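**Student:** Below is one structure. I have some questions about it.
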Amino acid sequence: MRPSAARRSPQARRAPLAARPGLRVKSPDALLAESGTDLDGNGLARSMGLFQVVCFGIGAIVGTGIFVGLSDTVAHAGPAVLISFILAALTCIFTAFSFAELGGAIPVSGSSYSYAYATLGERTAFLVGWCLLLEYGVSVSAVAVGWGQYLNELLGSLTGWQLPAALASPPGDGGIVNVPAVVVLLLAATLLVRGIRESARATAAMAVLKIAVLLLFCAIALSAFRDGNLTPFAPEGVAGITSGASVAFFSYIGFDAITTAGEEVKNPRRNIPLAIMICIGVVTVLYCLVALSAIGALSAGDVADKPAALSLIVNHVTHSAVGGGVIAFGAVVAIASVVLAVMYGQTRILMSMSRDGLIPRVFARISPRTATPVANTWIVAVVFAVPAAVVPLDVVMNLTTIGTLAIMAVVNVSVMVLRRTRPGLARRFRVPLFPVSPLLGIAFSLYLIYGTGRATWLEFAGFLVVGAVVYALYGRRHSRLRTAQEPMPDEGAQSSEEAHRSEPAPLS
């Protein structure tokens, strides 16, 4: 007998690979059993119906990406921006199928973090949660930066006065500190801690308003449509379309925020998949219509790299600042709703990670009075107000995009793994053309990651390394699943002794 065998219990020798540190998998049943409450028994309230969830999804998606980021996409792709938006939409559609299946099968607040925990193991789940800091936390900073641009446009059209550049833009964009970005984050946090019912009503009203404003923009811009503005259609060729799609993808970030509401939605197994499909369809049609209208009304060269581009186009077409003021008002409301919805998603993901012990317990505490994670919400608002105040928008957008694409690739892998490991799990929605659809989702995600550029790859690699270190130093040691699976020291010693006694005596 080898000496090491006596020191290992039979359970340890038979332990599956998934039970080892970093590869521990949390079953969907355990995720569902723990959902809806914090570690002290305080619970969330299921108060969102299908309409509220759809509006919440549109509220999370439509904002800075189209109102501010359109000009950046045009700078890369030219009039072929339309194809860039369609390419980005295809990536989202294939991945949306996977999110819809997983969101219906495991309706919890952790979204892609929880799906990775149930399929790929704890270490991967932690890194997904780490990347979600980019998709939700850092992107909310980017969204807040864009809010300041349109707020100044609105103030200029109404009063002729604007905030000084030093107080309305971050360093690198001609300013010192972006005060409006900080203000909108604090306002969103104030509304979120009041309760999910109030937040859902506000998000629904803002979603309806911004769709109306974008349709108004399309009507005005199409009245001045010129075919000549569409030529040359792709001045930078395929490379320009690809890089444009990577930028345009930022405009779609947020549809997966619907899955973070899994513990506060009525009939989540039905409403979450349905809401995801409705949101992707509405937003794709709307974005393509806006992009086509914008380039048709004003040449790509005049739109590229212009702040508040939609207001600029309307002012050009109407020869008045009034129309641009209306668009600016819609953008201010639209971007504020994105801040609200995305900050909501970030707090719910952190709450799930905290419940699992991977981050400090303060993020899981739910107020018994408002049924919201109050401390969690204020921490998120204050922490991400810093990059919103001092980091230029384009820097934040690139890193956010690659982090989100990486998460989408993981979600497509997760849906395939869960089909294999839990084929009998209840699913109200199933990915069509399985496994072709998730494989295409992975391929499109990797293709757009390629388009983000080498500098962004290196920044993201460094970000992942930091996340792995944080997991090793804190998450792995404090994991509640590790505590539940590993025997106490006395039990381990007893098992070793029993194993030693059960071994046959060596032959002399």
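Taken together, the values in this text are just the output of simple stated rules run on the coordinates, not laboratory data. What you see is a predicted model; the values in this text were computed from it and never measured. Quick reminder, even Gly has a Cβ in these numbers, built from the backbone with ideal geometry, and neighbours come from all protein chains shown.
**Student:** Can you compute the charge dipole magnitude of segment 48-486 about its Cα centre, using +1 on each Lys and Arg Cβ and -1 on each Asp and Glu Cβ, nothing else charged? Give it in debye, rounded to the nearest 20. Intermediate values should be presented prior to the final figure.
**Tutor:** Working: 26 positive and 18 negative charges, 373 e Å.
So the magnitude is around 1800 debye.
**Student:** Here's a follow-up. Starting from 0.36 nm per residue, how many nanometres of slack lie between residue 361 and residue 208 once their C-alpha separation is accounted for? All intermediate terms of the calculation are to be shown ahead of the outcome.
**Tutor:** Numbers: separation 153, 0.36 × 153 = 55.08 nm, distance 3.67 nm.
Full extension from residue 361 to residue 208 adds 51.4 nm.
**Student:** Could you tell me the calculated FRET efficiency between residue 219 and residue 465, based on Cβ-Cβ distance and R0 = 41 angstrom, to the nearest 0.05?
**Tutor:** The pair residue 219/residue 465 has a calculated efficiency of 0.25.
**Student:** Under 24 Å from the Cα of residue 306, which lysines turn up, not counting those fewer than eight places away in the same chain?
**Tutor:** Straight-line reach from residue 306, under 24 Å: 210.
**Student:** Counting C-alpha atoms alone, how compact is the chain: give Rg to one decimal and Dmax as a whole number, in angstrom.
**Tutor:** 24.5, 103
**Student:** Multiplying the sequence separation of residue 227 and residue 420 by 0.36 nm and subtracting their Cα-Cα distance, what value in nm do you get?
**Tutor:** 64.4 nm
**Student:** Let me ask something else about it. Using only helices, what value at 222 nm comes out for the chain when you add -39,500 (n - 2.57) per DSSP H run of length 4 or more and divide by the total residues, to the nearest 500 deg cm²/dmol?
**Tutor:** Value at 222 nm, helices only, nearest 500: -22000 deg cm²/dmol.
**Student:** Between residue 201 and residue 369, what length in nm is gained on full extension when 0.36 nm per residue of separation is reduced by their alpha carbon distance?
**Tutor:** Contour length minus the Cα-Cα distance gives 58.6 nm.
**Student:** Another one. At a Cα cut-off below 27 Å, give the lysines reachable from residue 26, other chains included and same-chain residues fewer than 8 away excluded.
**Tutor:** Result set, ordered by chain and number: 266.
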